[in-house]
Amino acid sequence: MDDFTKMLVGVVLLAVGLLVFVLFFPPPLPDSVIVPTEQVNAGVIKFENRAGGWGDLGEELRIRVEGELANRPGIQVFTRSRLDAVLQEQRLCAIGLCDPGSAAQIGRLTGVNKLVTGVILAAASQVKSAQICKEVQLWPPGCKRSVPGSELQIEIEAQVQILNAQSGQIE
């Protein structure tokens, strides 16, 4: 056997050994795996901003949470207009202008069964110096010309609530 054949046999034996090892000793599943037991049709409501200032931080957080949920399998996210129908019906029920069966019917019509909302408790920002790329070069890939700039990082502490859209109970 020449050196190349010996090396090839060694690589094949190593690959087979790794395959056997993975089959008999699989990696543990992460603790954060969530398997939905029902179809989740969620809507995200604007977060209340108790941190003060920061413009419309509650709406910005709603948009980001909505985007994250939309990328999760098993969760269908509904738009604000569909949520507004549920919220309007709940307001009418709160002042006694509807019966409970009507609220559940609106929930079924919109398809929303979970509402995600919450409160922004604190927010802190940090500005860092950064380089902003003004011209990109294709080969080798990278920035051909950059200028000094600033990067704003905001850290948010929030309490999130998941509500049952038909009953209003916190889950």
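The values are calculated or read from the model by the stated rules, or taken from the named source; none is laboratory data. The structure presented is a predicted model; accordingly, all values stated were derived computationally and were not measured. Ideal geometry is used to build each Cβ from the backbone, glycine not excepted, and the neighbour counts take in all protein chains shown. SASA here: full protein model, heavy atoms, side chains in, ligands and nucleic acids out. Shrake-Rupley method; radii C 1.70, N 1.55, O 1.52, S 1.80 Å.
Using the structure shown, decide if Ser146 is open to solvent by 60 Å² or more (accessible area, probe 1.4 Å), out of contact with any Phe, Trp or Tyr (no Cβ under 7 Å at 6 or more places or on another chain) and modelled with pLDDT of 80 or more. No, not satisfied.
Scan region 136-143 and give yes if some residue there is at negative phi, surrounded by fewer than 10 Cβ atoms within 10 Å (Cβ to Cβ) and either touching a residue at least 24 places away in the same chain (Cβ under 8 Å) or among the hydrophobic types (A, V, I, L, M, F, W, C) (or both), otherwise no. Talk me through it step by step, then tell me what you get.
Going residue by residue through region 136-143, those that are at negative phi are 136-141, 143.
If we keep only those that are surrounded by fewer than 10 Cβ atoms within 10 Å (Cβ to Cβ) too, we end up with 138-141.
Of the ones still in play, those that are also either touching a residue at least 24 places away in the same chain (Cβ under 8 Å) or among the hydrophobic types (A, V, I, L, M, F, W, C) (or both) are 138-139.
Among the residues of region 136-143, at least one is at negative phi, surrounded by fewer than 10 Cβ atoms within 10 Å (Cβ to Cβ) and either touching a residue at least 24 places away in the same chain (Cβ under 8 Å) or among the hydrophobic types (A, V, I, L, M, F, W, C) (or both), which makes the answer yes.
Is there a residue being under 18 Å from the mean Cα position of the chain (by Cα), hydroxyl-bearing (Ser, Thr, Tyr) and at pLDDT 65 or above anywhere in region 37-57? Within region 37-57, not a single residue is under 18 Å from the mean Cα position of the chain (by Cα), hydroxyl-bearing (Ser, Thr, Tyr) and at pLDDT 65 or above.
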